[in-house]
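Engineer: Please see the structure below; I have some questions.
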Amino acid sequence: MGVKKDDFCISDIRAIAFLLLTQQQFVAARRSPAASRLSAQASVASLLKPASPPLLAKARRRVASSPAQQQPSQKPAATRRCSLSPAAARNSSPVAALFLVKCLPIPCVASYFLVQLVVIFSLLAMESFQNESGSAHEDVDDYSPLWRFVTKVEKAVGGGNVTWSCNICNKVCKGSYSRVKAHLLKQKGAGIAGCTAVTMDQMKRMQQLIDDAELRKKNSKQKEVPLPSSSTSSNMASKSSFCTSGILQNDDPTKKRKGPLGPLEKSFNLNARDELHSEVARLFYTGGLSFNIARNPHYVRAFSLATQRTIPGYLPPGYNLLRTSLLQKEKAHIGKLLEPTKAAWKQKGVSICSDGWSDVQRRPLINIMAVCESGPMFLKAINCEGEYKDKAFISKLLINTINEVGHQNVVQVVTDNAPVCKAAGLLVEAKYPDIFWTPCVVHTLNLALKNICAPTDSLQNKEAFDECKWIAEAANDASMIKNFIMNHNMRLSMFNDNSNLKMLSLADTRFASTIIMLKRFRQIKKCLENMVISERWDLYKEDDVVKARVVKYKILDDQFWEQIDYILAFTSPIYEMLRKADTDQPCLHLVYERWDEMIEKMRVAISKGPHSGDSKFYDVVHNILVERWNKSNTPLHCLAHSLNPRYYSHEWLQESPNRLPPHRDIEISRERKKCIERYYSNSSERRSVNEEFASFSAAIDDFSDNDSMRDRGLMSPTKWWVIHGASTPTLQSLALKLLGHPSSSSCCERNWSTYNFIHSLKRNKITPQRAEDLVYVHYNLRLLSRRSPHYNEGESKMWDVGADEFDSMDMEGAAILEIANLSLDEPELESVLFTDEGGVGDETDMDV
């Protein structure tokens with residue numbers, strides 16, 4: 001049965017309409033495959049309906065204006081061939097399928113309806129495949145582009161393999177992306193069977209997706225900036241240019257030139273060394289890293305290990321590995337290394353120190369550390385956000401830590417002198433009578449200095465204010481001079497031209513801030529005088545000229561400098577004791593003696609100054625110190641003082657005529673008895689301990705031999721008790737437990753410097769828990785490293801002191817990583833210079 005030309009044209013028009021309709025339906029087909037199939041069925045039905053007269057007339061007009069009549073030079077229809085290949089037509093838009101049909105020979109028009117049905121079902125198949133693979137315009141995961149062909153059914157908890165279902169064969173499997181790829185592409189050796197329903201055409205499309213993804217990843221890589229040329233290549237290039245100039249040119253042209261590298265360069269692989277040096281240097285420059293990291297022994301060992309061992313294909317740990325698995329692994333490992341120290345707490349005891357702080361996101365934190373003779377150990381930092389920090393909350397934190405450490409091992413709890421901390425300490429003592437709350441001696445001395453150097457003008461403090469206000473006035477004048485110089489660039493430039501030391505910008509919260517500022521002023525006195533008498537100072541008129549005259553007058557005023565000298569003289573004993581107490585070294589047994597010595601030295605210094613005949617000024621200062629001591633003195637101080645054998649030696653007693661051995665001092669004896677009663681509630685045990693103490697203090701029985709008497713003033717207290725205290729086992733155990741503890745919570749202050757170093761403004765999004773883990777690893781690793789004999793030797797000497805970033809007056813936290821046993825801001829620390837050889841230089845900038 002033949003087909004008429006009119007029918008052919010009408011059918012052709014219907015095919016065009018159908019295919020255009022199908023083109024519009026593709027977008028909707030992605031969202032609703034069922035609706036797409038219904039639309040295609042409706043299009044087939046409409047295609048088989050008889051043509052209407054208007055449509056027939058439109059078809060005749062189309063035939064009249066056909067390209068065959070307008071372009072006679074075109075090839076006959078029988079010889080026309082499609083310019084598109086079947087594969088290209090299949091991959092193109094649905095309209096392209098029409099041109100494939102139109103390009104068929106005219107004798108094949110009889111099968112036109114069959115061809116149209118084939119096109120319809122081809123389009124439906126293409127639409128089904130695109131539904132499975134997703135839209136070509138959607139974002140593709142370049143690292144796993146074949147996930148779109150499967151459906152994730154269930155994901156394993158904590159990561160790992162997932163359960164997925166193939167969208168082509170509906171098979172449910174379990175595995176990672178590598179198995180998905182092997183299943184869809186029928187790859188062998190992956191432990192999974194290939195997909196049974198996937199066609200070759202689909203496999204080609206999948207492989208094309210993978211290739212395109214790899215190409216995108218390759219193109220997205222940042223183009224590397226070339227490294228500087230190696231010194232070897234530069235030297236060879238310079239030699240080559242030098243030779244070609246004719247000076248050393250080889251006269252024999254038959255000899256072959258050597259390659260770019262000589263035997264020496266090849267044997268030492270100098271080019272590779274230079275390239276590695278450049279890469280490491282660029283890491284420091286682009287990362288903004290401190291040059292002090294080059295002194296870190298772990299940095300050196302990492303590269304040494306990489307060069308000594310062949311690890312093919314090794315890549316350094318990435319971002320997620322460093323902050324998750326490796327961090328937890330290192331934390332657990334350091335915990336095991338600290339077990340011997342924790343085991344010693346049973347015999348040596350441990351002090352729990354705590355202090356509060358706020359991080360860069362203003363979250364309130366409380367850190368808790370365990371301190372013993374071996375040094376301070378970081379335990380944890382507690383995020384108190386949203387908590388009311390009253391005595392109940394703080395005491396609960398301390399009691400929980402005591403239970404974790406073991407209450408039988410804890411000797412004391414050390415905090416600052418805040419009223420809430422004192423109340424929390426009393427709650428701890430009520431629960432554990434043998435544990436003492438001890439206020440920080442450093443905070444006590446700092447408060448005493450503030451009462452002296454910056455007295456408050458109040459009715460209750462009227463007498464102290466009248467006697468000490470001249471100290472505050474001298475400090476204010478020094479602060480005015482400092483601010484004027486620091487706030488004017490030209491004045492600061494003049495100062496820097498005359499001085500190698502810098503002005504200090506001290507926060508009021510720092511220990512002894514006023515004394516430190518005045519000490520620095522005394523050191524730069526000559527520089528300040530040279531600055532203000534120079535011609536530049538008087539010629540420069542751009543700043544406040546009147547204030548500049550006032551600054552010049554004050555600097556040249558001898559009375560101003562005499563006041564500074566006098567302030568530094570009589571506060572020097574307080575400052576020196578503050579420095580000695582501001583360490584992690586055992587000094588609990590030394591506080592009582594040092595406090596008495598400090599008051600006596602201060603009395604002598606005041607008697608030599610302008611207020612030598614003014615006993616009222618001395619009485620005011622003395623009362624301030626005694627009042628602070630009465631608030632911080634505890635029975636534990638007196639018992640530790642009584643157990644120090646040095647205070648019973650003949651040498652110590654002869655140093656001052658007013659000295660008495662501890663067992664003859666009434667105040668010490670009363671407090672000692674209170675402490676022993678809390679330790680030994682049983683009367684028989686307490687009587688036995690008192691008898692042992694009597695033998696020790698009176699030097700009777702085994703304590704009366706010559707070695708025991710002689711060694712009291714020569715040996716350290718702990719060693720003396722180990723050697724000579726065996727005859728009094730209970731008292732010996734008590735002495736060894738008390739003589740190895742600090743008297744301050746300065747380790748917590750220093751730990752905030754470490755915390756701020758890790759959780760800085762640049763890393764302010766780090767979570768409190770991860771910051772705590774980092775501080776735990778960082779602080780305790782330094783503790784373990786400092787026990788090594790190599791810590792004070794070689795190029796890694798004192799590697800955890802900040803080197804180029806080290807500044808003892810850094811108000812962000814007393815240096816990035818301050819010296820181990822000193823958190824006090826010390827100008828003398830500026831004398832530490834680190835040389836390129838890794839040692840500490842002896843040069844100093846203190847002498848101006």
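Engineer: If I filter segment 363-379 for residues that are modelled with pLDDT under 90, exposed (fewer than 15 other Cβ atoms within 10 Å of the Cβ) and either within 25 Å of LEU784 (Cα to Cα) or among the small types (Gly, Ala, Ser) (or both), do I get at least one hit?
Structural biologist: no
Engineer: Being in contact with a helix residue (DSSP H, G or I) (Cβ under 8 Å, 6 or more places away or on another chain), farther than 30 Å from ALA474 by Cα and among the aromatic types (Phe, Trp, Tyr) is the requirement here; does TYR432 meet it? Lay out the reasoning, then the answer.
Structural biologist: Working: in contact with a helix residue (DSSP H, G or I) (Cβ under 8 Å, 6 or more places away or on another chain): yes; farther than 30 Å from ALA474 by Cα: yes; among the aromatic types (Phe, Trp, Tyr): yes.
So TYR432 fits the description; yes.
Engineer: Mind counting the residues in segment 608-625 that are surrounded by 14 or more Cβ atoms within 10 Å (Cβ to Cβ) and in a helix (DSSP H, G or I)?
Structural biologist: 7
Engineer: Considering segment 479-501 alone, what residues qualify as being without any contact (Cβ under 8 Å) to a residue 60 or more places away in the chain and assigned to a loop (DSSP other than H, G, I, E, B)? Give the steps one after another, and end with the answer.
Structural biologist: Step one: filter segment 479-501 for residues without any contact (Cβ under 8 Å) to a residue 60 or more places away in the chain, giving 479, 482-483, 486-498.
Passing the criteria: ASN487, HIS488.
Engineer: A further question on this structure: Any residue in segment 301-311 that is without any contact (Cβ under 8 Å) to a residue 24 or more places away in the chain, under 21 Å from the mean Cα position of the chain (by Cα) and in a loop (DSSP other than H, G, I, E, B)?
Structural biologist: No, that holds for no residue.
Engineer: Could you identify the single residue in ARG594, ARG628 that is basic (Lys, Arg) and crowded, with 20+ Cβ neighbours inside 10 Å? Even if it seems obvious, please write down each step before you answer.
Structural biologist: Working: ARG594 fails: crowded, with 20+ Cβ neighbours inside 10 Å.
That would be ARG628, the only listed residue that is basic (Lys, Arg) and crowded, with 20+ Cβ neighbours inside 10 Å.
Engineer: Moving to a separate point now. Answer with yes or no whether ALA771 is touching a His at 6+ places or on another chain (Cβ under 6 Å) and touching a residue at least 12 places away in the same chain (Cβ under 8 Å). Step through it out loud before you land on a result.
Structural biologist: Numbers: touching a His at 6+ places or on another chain (Cβ under 6 Å): yes; touching a residue at least 12 places away in the same chain (Cβ under 8 Å): yes.
Against the criterion (touching a His at 6+ places or on another chain (Cβ under 6 Å) and touching a residue at least 12 places away in the same chain (Cβ under 8 Å)), ALA771 qualifies.
Engineer: Any idea how many residues of segment 420-466 are more than 28 Å from ILE402 (Cα to Cα) and small (Gly, Ala, Ser)?
Structural biologist: Of the residues in segment 420-466, 4 are more than 28 Å from ILE402 (Cα to Cα) and small (Gly, Ala, Ser).
Engineer: Hey, another quick one. Here is a list: PRO573, PRO586. Which entry is modelled with pLDDT of 90 or more and closer than 30 Å to PRO717 by Cβ? Step through it out loud before you land on a result.
Structural biologist: Working: PRO586 fails: modelled with pLDDT of 90 or more.
Going through PRO573, PRO586 in turn, the sole match is PRO573.
Engineer: It is to be established whether one or more residues within segment 395-412 are surrounded by 19 or more Cβ atoms within 10 Å (Cβ to Cβ), within 30 Å of ARG787 (Cβ to Cβ), under 32 Å from the mean Cα position of the chain (by Cα) and charged (D, E, K, R).
Structural biologist: No; the residues of segment 395-412 include none that is surrounded by 19 or more Cβ atoms within 10 Å (Cβ to Cβ), within 30 Å of ARG787 (Cβ to Cβ), under 32 Å from the mean Cα position of the chain (by Cα) and charged (D, E, K, R).
Engineer: Taking the criterion of being part of a helix (DSSP H, G or I) and modelled with pLDDT of 90 or more, would at least one residue in segment 507-514 satisfy it? Talk me through it step by step, then tell me what you get.
Structural biologist: We begin by selecting, within segment 507-514, every residue part of a helix (DSSP H, G or I); these are 513-514.
From what is left, the residues that are modelled with pLDDT of 90 or more are none.
Within segment 507-514 (the criterion being part of a helix (DSSP H, G or I) and modelled with pLDDT of 90 or more), the answer is no, since none of the residues qualifies.
Engineer: Report every pair of residues separated by at least 6 positions or lying on different chains whose Cβ atoms are under 8 Å apart, first residue within segment 198-227 and farther than 16 Å from ILE168 by Cβ, second surrounded by 10 or more Cβ atoms within 10 Å (Cβ to Cβ) and among the small types (Gly, Ala, Ser).
Structural biologist: What qualifies is LEU227/SER278.
Engineer: Moving on to the next point. Go through (1) exposed (fewer than 13 other Cβ atoms within 10 Å of the Cβ); (2) under 18 Å from HIS488 (Cβ atoms); (3) in contact (Cβ under 8 Å) with a residue 40 or more places away in the chain one by one and return the number of the condition VAL551 breaks.
Structural biologist: Of the numbered conditions (1) exposed (fewer than 13 other Cβ atoms within 10 Å of the Cβ); (2) under 18 Å from HIS488 (Cβ atoms); (3) in contact (Cβ under 8 Å) with a residue 40 or more places away in the chain, the odd one out for VAL551 is (1).
Engineer: Moving to a separate point now. Output the number of the condition that LEU736 fails; it satisfies all remaining conditions of (1) surrounded by 14 or more Cβ atoms within 10 Å (Cβ to Cβ); (2) touching a residue at least 60 places away in the same chain (Cβ under 8 Å); (3) not in a helix (DSSP H, G or I).
Structural biologist: Status for LEU736: all satisfied but (3).
Engineer: Which residues, taken from segment 637-689, are basic (Lys, Arg) and part of a loop (DSSP other than H, G, I, E, B)? Walk me through it before giving the result.
Structural biologist: The initial filter retains those residues of segment 637-689 that are basic (Lys, Arg), namely 646, 659, 664, 670, 672-674, 678, 686-687.
The one that is basic (Lys, Arg) and part of a loop (DSSP other than H, G, I, E, B): ARG659.
Engineer: State which residue pairs qualify: first residue assigned by TED's automatic domain parsing to the domain that holds THR401 and inside segment 420-433, second residue of a type in the set (Gly, Ala, Ser) in any location, beta carbons under 6 Å apart, and separation of 6 or more residues or different chains.
Structural biologist: ALA424/SER395; LEU427/SER395; VAL428/SER395
The values are calculated or read from the model by the stated rules, or taken from the named source; none is laboratory data. What you see is a predicted model; the values in this text were computed from it and never measured. Note: ideal-geometry Cβ built from the backbone for every residue, glycine included; neighbour counts use all protein chains shown.
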